[in-house]
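The values are calculated or read from the model by the stated rules, or taken from the named source; none is laboratory data. Computed from a predicted structure; not experimentally measured. Here Cβ is always computed from backbone atoms with ideal geometry, including for glycine, and neighbour counts include all displayed protein chains.
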Number of protein chains: 2
Amino acid sequence: METHLLRTFVAVASSGSFSAAAADLDYTQSAVSQHIAALESSLGTALLTRRPVAPTPAGERLLEHAGAILLRIEAARADVRRVVGEPPGEIVFATTPLAAATRVARALTQLRQTRPGLAVTFEVARRDEVARGVASGAYHLGLVDGIAAPSDPLRLPDVGLLRTSAVAQEGLAVVVPADHPIAGRKRLGLAALVDARWIDAPAVSAPLDDLRAAVETDSLRAALGYAGADVRTLLELVAAGHGLAVLPASVSVPAGVAKVPVGSPRLVHRVELLHGQLDSAAASALAELLDEG
Amino acid sequence: METHLLRTFVAVASSGSFSAAAADLDYTQSAVSQHIAALESSLGTALLTRRPVAPTPAGERLLEHAGAILLRIEAARADVRRVVGEPPGEIVFATTPLAAATRVARALTQLRQTRPGLAVTFEVARRDEVARGVASGAYHLGLVDGIAAPSDPLRLPDVGLLRTSAVAQEGLAVVVPADHPIAGRKRLGLAALVDARWIDAPAVSAPLDDLRAAVETDSLRAALGYAGADVRTLLELVAAGHGLAVLPASVSVPAGVAKVPVGSPRLVHRVELLHGQLDSAAASALAELLDEG
DNA sequence: TCAGCTTACGCCGAGCGTAAATATG
DNA sequence: CATATTTACGCTCGGCGTAAGCTGA
């Protein structure tokens, strides 16, 4: 199974067309057809239906692996380059929206100010994009957040070798309208709220999927999805009674909404710093900054 | 980065010789040399020193990825075959030594008796070998054990897509000589024992590495390593005072040794069943058996 | 009918082996 | 000097493009 065949297969499956994939990859349509034929004959089974072009069950299985394999190959290249190449003059730094709000991010902002010679670029992306980007070398550093049991690592998409060098964690809070019956309570078990109306705002709050996994229930149902990345908007949605949301306990909330710390189950909002191999200078600079934090 | 180049690279690095790798892979020594040269030029850096043949720093980084990539490719093939191929007439079943001792394993032994038409082969291997073997299709089912926080999954080596379909978990116990000061105690915090002399018997007890990760300390030091796979021998080593060991709480111990349940930190000995994609018949048969268990 | 995939076919170069050259301990 | 890797060189075949063929909406 040669890598160029996998690459073509992924391109065809994702575009749904041999000719489109050919254009993407700078092959002729004929070459793409031959690639797919070679893969299919090497595996002894059809991988795609034609007209319409869609993966067969076997193709679906392969697809699940192919992306990961190609990504891992990119990660390998990036990792080797990090050992050999010049240290970059600019650091590209990706974070998930909530992670950026923590003291860790602030520390890195300091880095940018105290070392004006070193350009630092921030970029906000989804969690798996951050992980992929760091693995493949597109980003030098990544900051991701999520919900986990205390001192447990986050479950990141399988992306190869990623190192976690620093974390911050804090409790969770449920954000409710100020006039909600539970608004005055000091602590709260999530179990009491399984039937509540939730807002799923994966970009900006704890993704409901994380919560479901942690609570081990399917009953957290989203009444509303919010795809945006602005916390204030989310809080206004909560204030307007569209549903509840789970956020890190330290979030500051405006009038109109109240936050109630989550007491059980024991869960934390956790932030992890992702990186590939760092040279010792970069590593110690970071460690220093994160200590001050 | 073509797969055959990676394969050659891994073979050369692991054998420490171009000519040996060539013999392994049925190439000429010249072809191997060209493969390495191609990889090195494609990555723009030396990967191996010659005389002696050993990975450079960049080579080490690549090596860390290369094995995983090749394994994942095997896993992809195996996964596709599982969808397409005939269901196997024989089931090859691999377990880690301790996992085999659980009720789950007993249930699967029943399977073998109640369905004499279906041959079942047991094989005992190390945890990562089981995971690798299941991923690559060498084994149909795998049973692995390890230590984790309650209801946490085991941390398996990165091996691609593995499904976990059933688990058993139980507490841990420290096994000590009968005349040991703590032998009479009802519960025990591991922290009290960090300075004790431990026996590291990765094949047969909880690997110390798991414990270290769970306790988040480096101070668990092994006074003795036992590479064998026989629990009784390990217990005799404990009785003779060579050190302590951590085992699942249900292990039955002979006279001369005592077991003390571990109360904190909260950890469990956990058994997971690993498999690739199962057809629905196999899956339901298994589920049934494991429920009875 | 025709858009889009497959097949036929010829050409080029990647990659293999043989064998000579080179390097190192 | 012996052993092991590299380089030179020729050949074969894998894999690409062009173009003709096929097929289902």
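I'd like the residue in the stretch B:153-174 that is among the small types (Gly, Ala, Ser) and not in a strand (DSSP E or B) and, out of all such residues, is surrounded by the most Cβ atoms within 10 Å (Cβ to Cβ). Show your work before the answer.
Step one: list which residues in the stretch B:153-174 are among the small types (Gly, Ala, Ser), which gives B:160, B:165-166, B:168, B:171, B:173.
Now narrow it down to the ones that are not in a strand (DSSP E or B): B:160, B:171.
Values: B:Gly160: 26, B:Gly171: 16.
The residue in question is B:Gly160.
Please determine whether any residue of the stretch A:64-78 is under 19 Å from B:Ile73 (Cβ atoms), over 26 Å from the mean Cα position of the chain (by Cα) and outside the structural domain of A:Leu156 (by TED's automatic domain parsing). If you could, list the steps in order and put the result at the bottom.
Initial filter on the stretch A:64-78 (under 19 Å from B:Ile73 (Cβ atoms)): A:64-77.
Filter once more, so that each one left must be over 26 Å from the mean Cα position of the chain (by Cα): none.
For the stretch A:64-78, residues under 19 Å from B:Ile73 (Cβ atoms), over 26 Å from the mean Cα position of the chain (by Cα) and outside the structural domain of A:Leu156 (by TED's automatic domain parsing): absent.
On the basis of being modelled with pLDDT under 70, farther than 22 Å from B:Ser205 by Cα and β-branched (Val, Ile, Thr), does B:Thr114 make the cut? Explain how you work it out, then say what you get.
Numbers: modelled with pLDDT under 70: yes; farther than 22 Å from B:Ser205 by Cα: yes; β-branched (Val, Ile, Thr): yes.
Taking the combined requirement at face value, the residue satisfies it.
Would you mind finding the one in A:Val134, A:Val204, A:Val174, A:Val167 that is more than 14 Å from chain B (Cβ to nearest Cβ) and farther than 23 Å from A:Pro254 by Cβ? Working first, answer last.
Values: A:Val204 fails: farther than 23 Å from A:Pro254 by Cβ; A:Val174 fails: farther than 23 Å from A:Pro254 by Cβ; A:Val167 fails: more than 14 Å from chain B (Cβ to nearest Cβ).
On inspection, the qualifying residue turns out to be A:Val134.
Of everything in the stretch A:34-45 that's buried (at least 16 other Cβ atoms within 10 Å of the Cβ) and more than 8 Å from DNA strand D (Cβ to nearest atom), which residue is nearest to A:Arg72 (Cα to Cα)?
For the stretch A:34-45, the residue satisfying everything is A:Leu39.
From the set of residues in the stretch B:1-22 that are within 10 Å of DNA strand D (Cβ to nearest atom) and surrounded by fewer than 20 Cβ atoms within 10 Å (Cβ to Cβ), which is nearest to the other protein chains (Cβ to nearest Cβ)?
Initial filter on the stretch B:1-22 (within 10 Å of DNA strand D (Cβ to nearest atom)): B:2, B:4, B:12, B:15-22.
Still in the list and also surrounded by fewer than 20 Cβ atoms within 10 Å (Cβ to Cβ): B:2, B:4, B:15-17, B:19-20.
On the way: B:Glu2: 6, B:His4: 8, B:Ser15: 21, B:Gly16: 20, B:Ser17: 22, B:Ser19: 25, B:Ala20: 24 Å.
Looking at residues that are within 10 Å of DNA strand D (Cβ to nearest atom) and surrounded by fewer than 20 Cβ atoms within 10 Å (Cβ to Cβ), I get B:Glu2.
Consider A:Ser136 carefully, then state whether it is under 15 Å from A:Val92 (Cβ atoms) and touching a residue at least 40 places away in the same chain (Cβ under 8 Å).
Details: under 15 Å from A:Val92 (Cβ atoms): yes; touching a residue at least 40 places away in the same chain (Cβ under 8 Å): yes.
Answer is yes for this residue.
So, in the stretch B:43-59, of the ones that are more than 22 Å from A:Glu86 (Cβ to Cβ) and modelled with pLDDT of 90 or more, which residue ends up nearest to the other protein chains (Cβ to nearest Cβ)?
Initial filter on the stretch B:43-59 (more than 22 Å from A:Glu86 (Cβ to Cβ)): B:48-54.
So of that shortlist, the ones also modelled with pLDDT of 90 or more come out as B:48-50, B:53-54.
Values: B:Leu48: 13, B:Thr49: 14, B:Arg50: 18, B:Val53: 18, B:Ala54: 15 Å.
Taking the candidates together, the pick is B:Leu48.
Tell me which residues, restricted to the stretch B:241-261, are under 23 Å from the mean Cα position of the chain (by Cα) and outside any loop (DSSP other than H, G, I, E, B).
Going through the stretch B:241-261, the residues under 23 Å from the mean Cα position of the chain (by Cα) turn out to be B:244-251.
Hits for the stretch B:241-261 are B:Leu244, B:Ala245, B:Val246, B:Leu247, B:Pro248.
Could you please find all residues in the stretch A:197-225 being within 15 Å of A:Val175 (Cα to Cα) and modelled with pLDDT of 80 or more?
Selection gives A:Arg197, A:Trp198, A:Ile199, A:Asp200, A:Ala201, A:Leu224.
Is there a residue being closer than 30 Å to A:His140 by Cβ and either part of a loop (DSSP other than H, G, I, E, B) or aromatic (Phe, Trp, Tyr) (or both) anywhere in the stretch A:232-240?
no
Specify the residue that is surrounded by the fewest Cβ atoms within 10 Å (Cβ to Cβ); the eligible residues are those in the stretch B:50-59 that are near DNA strand D (Cβ under 9 Å from one of its atoms) and under 32 Å from the mean Cα position of the chain (by Cα). Reasoning before the result, please.
Applying the first criterion (near DNA strand D (Cβ under 9 Å from one of its atoms)) to the stretch B:50-59 yields B:50-53.
Now restrict to residues that are under 32 Å from the mean Cα position of the chain (by Cα): B:52-53.
Numbers: B:Pro52: 8, B:Val53: 17.
If we take residues in the stretch B:50-59 being near DNA strand D (Cβ under 9 Å from one of its atoms) and under 32 Å from the mean Cα position of the chain (by Cα), then B:Pro52 is surrounded by the fewest Cβ atoms within 10 Å (Cβ to Cβ).
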